[in-house]
Amino acid sequence: MRKIALITGATSGIGKATALILAANGYDLIITGRREELLKDLTSEIIKDTGAAVISLCFDIRDLNQTDLAIKSLSGNWIAIDLLINNAGLAVGIEPVHEGVIDDWDRMIDTNVKGLLYISRIISPGMVARESGHIINISSIAGHEIYPNGAAYCGSKHAVKAITKAMRMELLPYGIKVSSISPGMVNTEFSLVRFKGDQTRADNVYKGLTPLYAPDIAESILFMVTRPPHVNIEDLVIMPTDQASARDYRRR
Ligand code: NDP
Ligand code: 8X3
């Protein structure tokens with residue numbers, strides 16, 4: 001029987017690549033994000049290429065009501081979500097706290113931390129009732145390390161690390177796996193969002209080095225979800241060969 005995965009933030013980058021690889025490996029999918037056209041395009045691509053069943057749900061994960069209504073719209077077999085990938089997230093702005101933009105902080109904390117908690121709160125009771133499931137939170141090297149001008153983003157990903165560890169303890173009695181994955185630099189829309197649409201600044205992030213690409217992370221997620229029932233990978237830290245810490249790069 002095919003399993004059901006819900007992936008937040010599947011309209012681009014890591015979430016989209018994960019949707020494609022899971023659909024090709026036996027999962028039916030619930031894909032989510034705010035950009036409806038991109039969800040429609042991905043739905044068609046997955047159905048055409050893999051034959052997996054797909055439902056797309058368009059909502060802003062920062063809005064508890066929207067998130068709750070979207071998940072409540074699921075019926076039948078779709079309610080029994082086996083795998084929740086908490087991927088939706090972003091960095092916005094690159095200022096020190098003393099020059100920080102409050103709206104940027106709100107966007108990061110509301111999406112990366114509160115959005116992840118909201119959807120976990122809505123979906124995990126079903127896993128508890130079934131005593132089965134796997135939740136994978138997309139953290140970051142920024143959840144392990146800290147860099148200047150990244151206080152709010154690093155803070156949000158450190159929060160993801162703490163939430164992941166607490167959930168793993170809370171869900172232990174029910175046999176539910178809780179994992180995280182912590183990538184370094186991945187070439188997605190991430191930098192374009194961080195620099196608020198400035199393509200040149202975004203491109204410069206990847207100049208002179210080879211970053212990770214979204215399929216690198218998706219393949220690792222596939223590895224995590226295909227371990228036997230008695231094995232849980234708690235966290236995977238994955239870096240480009242050209243990056244040795246949140247601050248050390250090899251550029252040529
Ligand atoms: P992208 O910008 O390519 O993708 C981000 C996804 O999150 C999009 O699908 C976007 O969908 C969704 N999203 C953002 N805000 C919201 C919201 N309010 N409601 C619903 N969905 C939202 O970036 P990545 O693929 O790189 O990022 C995915 C995750 O990986 C993030 O959590 C990020 O922090 C993390 N990460 C990224 C790294 C990198 O270097 N790229 C490294 C380490 C971790 P839409 O706009 O349609 O809503
Ligand atoms: C994204 C990686 O190093 O830009 O989470 O914070 S980094």
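Observations
- Residue match in the stretch 49-61 (condition: over 23 Å from Ile138 (Cα atoms) and within 16 Å of ligand 1 (Cβ to nearest atom)): no
- Search result, residues across the stretch 163-191 that are away from ligand 2 (no atom under 16 Å from the Cβ), in contact with a helix residue (DSSP H, G or I) (Cβ under 6 Å, 6 or more places away or on another chain) and not in a strand (DSSP E or B): Tyr174, Ile176
- Ile136 vs. criteria of a type in the set (A, V, I, L, M), part of a strand (DSSP E or B) and within 13 Å of ligand 2 (Cβ to nearest atom): no
- Count of the stretch 210-222 residues which are of a type in the set (Val, Ile, Thr) and outside any helix (DSSP H, G or I): 1
- Subset of the stretch 90-122 (residues that are within 14 Å of ligand 2 (Cβ to nearest atom), open to solvent by less than 40 Å² (accessible area, probe 1.4 Å) and not in a helix (DSSP H, G or I)): Leu90, Ala91, Val92, Gly93
- Selection within the stretch 139-162: residues that are assigned to a helix (DSSP H, G or I) and out of contact with any helix residue (DSSP H, G or I) (no Cβ under 7 Å at 6 or more places or on another chain). The member of this set that is nearest to ligand 1 (Cβ to nearest atom) is Ile141.
Each row is one residue, and each column tells you yes or no for (1) in a loop (DSSP other than H, G, I, E, B); (2) of a type in the set (A, V, I, L, M, F, W, C).
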site	(1), (2)
Val193	no, yes
Lys196	yes, no
Asp203	no, no
Gly208	yes, no
Met224	no, yes
Ala246	yes, yes
Arg252	yes, no
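- The set of residues in the stretch 31-46 that are charged (D, E, K, R) and either part of a helix (DSSP H, G or I) or touching a helix residue (DSSP H, G or I) at 6+ places or on another chain (Cβ under 9 Å) (or both) comprises Glu36, Glu37, Lys40, Asp41, Glu45.
- Taken as a whole, the structure places Val225 among residues that are in contact with a His (Cβ under 8 Å, 6 or more places away or on another chain), surrounded by 14 or more Cβ atoms within 10 Å (Cβ to Cβ) and within 16 Å of Ile138 (Cα to Cα).
The values are calculated or read from the model by the stated rules, or taken from the named source; none is laboratory data. All values reported here derive from a predicted model rather than from experimental measurement. Glycine also receives a Cβ, built like all others from the backbone with ideal geometry; neighbour counts cover every protein chain displayed. Ligands, DNA and RNA are stripped out before the accessible areas are found, and what is left, the full protein with its side chains, is counted by its heavy atoms. Shrake-Rupley method; radii C 1.70, N 1.55, O 1.52, S 1.80 Å.
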